[in-house]
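A.B. asks: I'd like to ask some things about the structure below.
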Amino acid sequence: MAILLEPFDTTSYTQPTGDPFADVGGYVIAYLIQHDAYKHLSLLELIGKVTAIYVYKWDAKLNALFLNSTITQGAFDSNRKVSETVNYFEKLLSDDLIGKEGYCRISGQHTRLYKAGRDNHILSGSGTFVNFYASFEPGLYLSKEVIIQIFFVALGVVKLSDKIALIYSNNQSVTEFFVRENCRRNLLNLTSAPEPGLLSSEFTNPANALFGFAEQCISKMPDALAFNEESGIEGKDTDLNLLHFTNFGAGPTIDLYALPTNIFRFYASCLTIHNREDWQRFVRSYYSSSKFKTAKYRPNADAWIDDKGNAVEQDTYKNWRNRIYQKLLEGKPLHDEFIRWLWKRKQPLRFAIIEKYQLLIRNMEKRTLEKIKQLADFITVSRSEDDILKDVTKLNGCKNPNDVRQLLLRLVKRNYDANAKEPILTVEDYAYYLFPDGIGWKEIRDVLLIAVYQKMHELNLLGLDTGETDDEEQSDETNNQNEA
C-alpha cells in the first residue's frame with residue numbers, strides 16, 4: 001500500500017493516445033497535478049479525492065458516463081460507492097485484478113491488460129455482446145493507465161442539453177485548452193452550482209455550441225492557431241470536433257459535430273477585424289425557432305424583436321436552430337442565403353467573405369473568382385441604374401447553362417462595341433475558369449450575382465426595385481422558421 005502513496009510517473013497517464021476519451025482524461029490528470037490542492041497527492045490519493053467529488057459533491061450523477069459502475073450503483077450508499085471505487089483502483093494499480101498480457105487496444109502498449117466495459121469505459125459494449133469483440137472476448141482489454149485516464153474524463157467535459165459534450169481537436173493545444181477550462185470551472189462550481197453534477201454549457205444546441213467553442217478558441221488562444229486579426233488562420237491546420245454522447249441505460253448514443261480544417265479556417269476568416277460585423281449580422285438573421293414564430297430579425301438594429309416589440313436576448317436566440325451553421329456542417333451550399341441577404345434584405349456582406357467561402361469550402365479556382373469580380377465590375381461600374389437592373393434581371397432569369405453562356409456573349413459584344421483595349425472574356429477564361437469540369441453553371445451564375453449585388457451596395461444603389469413583393473419576403477422568413 002505504501003508504494004501507491006508515493007509520487008507517480010505522470011507521463012504514463014498524460015501522454016496522448018489518439019483516443020478522445022483517454023486523452024481528455026489524461027489532460028485532466030495533467031491539470032490536477034499542477035493544481036495547488038492536488039499536486040502533492042499520490043495517484044491513488046488523487047483518485048480518492050476525485051471519487052469524493054463525484055459521489056459527495058455531484059451525488060454520483062455520472063450515469064451518462066459510466067453504467068452500473070461502483071459510483072453509479074444504486075444499491076450502494078455514498079460511503080460504499082467511495083470505498084468500492086478506491087478499492088478497485090488500488091487493486092488495479094497493484095496488478096491484483098485478473099488480467100492478461102497483450103497490446104492495449106487504445107495506447108498500443110504491450111503490457112498487462114484488464115477488461116473494460118460500460119462500467120469503466122465510455123461507450124463500449126458489455127459481456128452480453130461478446131460478438132462486438134475479436135475472438136468473442138467479454139470486453140475491450142486496456143492498460144491500467146488508459147482505464148485510469150478514462151475515470152478522470154468527467155472533470156474535463158460539460159453537460160450540453162441531455163447529453164455530455166466533449167471537445168476534441170487534431171491540435172493538442174486546443175483540446176488541452178478546453179479540458180483545462182472545463183476542469184477549472186467544474187472545480188469552481190463545487191460550492192456554487194445551483195444543483196449537483198457536471199457543469200452545464202451555456203448552449204443547448206450542439207451545432208451552435210461547436211461554433212461557439214470555435215469562436216472562444218480563436219479569441220482566447222490565437223497563437224496556437226496561428227490566427228491573425230487581419231488575415232485569419234495562416235498555415236496551421238486545425239479541426240474541431242464535438243462528441244455529444246450518453247452511456248446511459250439501454251440507449252447509449254453518440255453524435256459527432258465536426259468542423260474540418262477548411263470550415264474552421266473559413267470561420268476564422270469571418271471573425272477577422274474587417275469581416276466580423278458583416279458576418280455576425282448575416283448569421284444572426286438566420287436563427288429560427290418554432291417557439292418564436294412571430295419574432296423577426298431587424299438588421300439595422302442587429303436584434304431579434306418579438307411581436308410585442310421587445311428584443312429577444314442573445315442568450316435565448318443563440319440556442320435556436322441556425323440555418324447557416326447547419327448548412328456548413330452538412331456541406332450544403334450557402335449561395336441562396338448570401339443572395340437573400342444581399343438582394344432581398346438589401347444588406348451588405350463583404351465579398352472577401354464570399355471569396356474565402358468559395359476558395360476554402362467550394363474549392364473554386366482563384367482565377368475564376370478574379371474573372372467573376374471583373375465581370376461584376378463591368379456590369380456595374382459607370383452604368384445607369386436601369387442598365388444594371390436589366391443585367392441583374394437577365395442573370396436571375398438564367399435557368400440553364402445556355403442562358404448563362406448567352407449572357408456572357410452579350411457582355412463580350414458590349415465590351416467589343418465599346419472599343420475596349422482588352423477583352424472582357426477570353427477563350428481560356430471561358431473554357432478553363434468559368435465552365436471547367438467540376439463546377440456547375442448555377443454556382444458560377446450565383447457567385448456572379450453575389451458579386452454584382454455587393455458592388456451595388458458599394459455604389460449605394462440600395463434603393464433599386466427588385467420586383468419582389470412583401471409576400472415573397474414573408475415566405476422566405478416563414479420557410480426559415482419552419483426549419484426549426
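A.B. asks: Mind checking the range 402-444 for trypsin sites (Lys or Arg not before Pro) that DSSP puts in a loop (not H, G, I, E or B) and that have at most 10 other Cβ atoms within 10 Å?
C.D. replies: Here the sparse-neighbourhood loop sites are 421.
A.B. asks: Now for a different question. How tilted is helix 385-396 with respect to the longest principal axis of the chain? Cα atoms for both, answer in degrees (0 to 90, nearest 10).
C.D. replies: The angle comes out at about 50 degrees.
A.B. asks: Okay, moving on. Please compute the net charge surrounding residue 211, taking Lys and Arg as +1 and Asp and Glu as -1 over other residues with Cβ under 14 Å from its Cβ.
C.D. replies: Its environment carries a net charge of +3.
A.B. asks: Follow-up question, since we're still on this one. What is the sum of charges around residue 30, taking Lys and Arg as +1, Asp and Glu as -1, for the other residues whose C-beta is under 9 Å from the C-beta of residue 30?
C.D. replies: That sum, taken over residues with Cβ under 9 Å, equals 0.
A.B. asks: Here is a follow-up. Sequence gap at least 6, Cα distance under 8 Å: using those rules, report the relative contact order of the range 229-386 to the nearest whole percent.
C.D. replies: 19
A.B. asks: List, in the order given, every pair from 318/371; 373/421; 366/413; 344/373; 291/442; 61/100 whose Cα-Cα distance in the structure shown is over 30 Å.
C.D. replies: Exceeds cut-off: 318/371; 291/442; 61/100.
A.B. asks: Report the extension gain between residue 273 and residue 417 in nm, rounded to one decimal, defined as 0.36 nm multiplied by the number of residues separating them, less their alpha carbon distance.
C.D. replies: Contour length minus Cα-Cα distance gives 47.6 nm.
A.B. asks: May I ask you to give the percent of accessible area on the range 49-100 that is carbon plus sulfur, with a probe radius of 1.4 Å?
C.D. replies: Carbon plus sulfur share of accessible area: 46 percent.
A.B. asks: Does anyone have the angle between helix 366-380 and the longest principal axis of the chain? Alpha-carbon axes, 0 to 90°, nearest 10?
C.D. replies: Rounded to the nearest ten degrees, it is 40.
A.B. asks: Also, quick follow-up: Would you mind counting up the charge near residue 161? Only other residues with Cβ under 14 Å from its Cβ, with Lys and Arg at +1 and Asp and Glu at -1.
C.D. replies: Summing Lys/Arg as +1 and Asp/Glu as -1 gives +1.
A.B. asks: For the chain, take the longest principal axis of its alpha carbons; what is the angle in degrees between that and the long axis of helix 78-93, to the nearest 10 within 0 to 90?
C.D. replies: Once rounded, one gets 90 degrees.
A.B. asks: If you don't mind, another one. Please enumerate, by chain and number, the lysines with C-alpha under 20 Å from the C-alpha of residue 39, excluding those fewer than 8 residues away in the same chain.
C.D. replies: Partners found: 49.
A.B. asks: Give, rounded to the nearest 20 debye, the magnitude of the charge dipole that the range 238-370 has about its Cα centre when Lys and Arg contribute +1 at Cβ and Asp and Glu contribute -1 at Cβ.
C.D. replies: The calculation lands at about 460 debye.
A.B. asks: Hey, which lysines would be in cross-link range of residue 236, C-alpha to C-alpha under 17 Å, not counting anything within fewer than 8 residues on its own chain?
C.D. replies: The reachable lysines, counting only those whose Cα sits under 17 Å from residue 236, are 220, 356.
A.B. asks: Would you work out the relative contact order for the range 117-267, in percent, from Cα pairs under 8 angstrom that are 6 or more residues apart?
C.D. replies: 22
A.B. asks: In addition: With the Cα gyration tensor of the chain in hand, give its eigenvalues times 5 under a square root as the equivalent ellipsoid semi-axes, listed largest first in whole angstrom.
C.D. replies: The equivalent ellipsoid of the chain has semi-axes of 55, 24, 19 Å.
A.B. asks: Hey, can you rank 220-232, 306-318 by average C-beta count inside 10 Å, highest first?
C.D. replies: Peptide ranking by packing, descending: 220-232, 306-318.
The values are calculated or read from the model by the stated rules, or taken from the named source; none is laboratory data. These figures come from a predicted structure and were not determined experimentally. Note: ideal-geometry Cβ built from the backbone for every residue, glycine included; neighbour counts use all protein chains shown. SASA here: full protein model, heavy atoms, side chains in, ligands and nucleic acids out. Shrake-Rupley method; radii C 1.70, N 1.55, O 1.52, S 1.80 Å.
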